[in-house]
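Peer 1: Dumping the structure here so I can ask a few things about it.
Quick note: the coordinates plus some simple rules give every number you see, no bench work behind them. Computed from a predicted structure; not experimentally measured. Note: ideal-geometry Cβ built from the backbone for every residue, glycine included; neighbour counts use all protein chains shown.
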Amino acid sequence: MRAQIYENYVNLPIHVLIKLDIKFVKLHPFFTGKKMDAINDFVIQKVKKFRTERNFSQATLATKLGVSNAFLGQIEDPTHRAKYNLSHINKLAIIFDCSPKAFLPEKPIM
């Protein structure tokens, strides 16, 4: 439910949100300025690179992955907290005919 509420208000100016007393906006990365953690961002960028190299649209990859177009769009949008899980990584490896390791860094990210 909270994710749907974000979508309804995310494009409103901050002064309107404050006036509406929307308390949950402080949790959203767009309003807090917090970025996705480095490992998740690495994976997202790696998948996006694979996707664009193969000329897959977000919709095409979403269909192959078995997720909605909106979900895939949220993953690639840095203002959202959506991210791939291990099941997604496994399916992506099948789709792109590679090892799941292909989406992870060689060394830990500090």
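Peer 1: Quick check of the Kirkwood formula: for segment 38-103, what is the inverse mean of 1/r over all pairs of different Cα atoms, in Å?
Peer 2: 11.7
Peer 1: Right, next: Looking only at segment 35-54, which residues have a backbone nitrogen under 14 Å from a spot 7 Å from the Cα of residue 68 in the C-beta direction?
Peer 2: Those under the cut-off are none; the list is empty.
Peer 1: For segment 56-65, what does the Karplus curve 6.51 cos²θ - 1.76 cosθ + 1.60, with θ = phi - 60°, yield as ³J(HN,Hα) per residue in whole Hz, taken in order and with x for Gly and Pro?
Peer 2: Computed from phi, the couplings for segment 56-65 are 8, 6, 4, 5, 5, 5, 4, 4, 5, 7 Hz.
Peer 1: If Lys and Arg each add +1 and Asp and Glu each add -1, what is the summed charge of the other residues whose beta carbon sits under 15 Å from the beta carbon of residue 47?
Peer 2: With Lys, Arg at +1 and Asp, Glu at -1, the net is +4.
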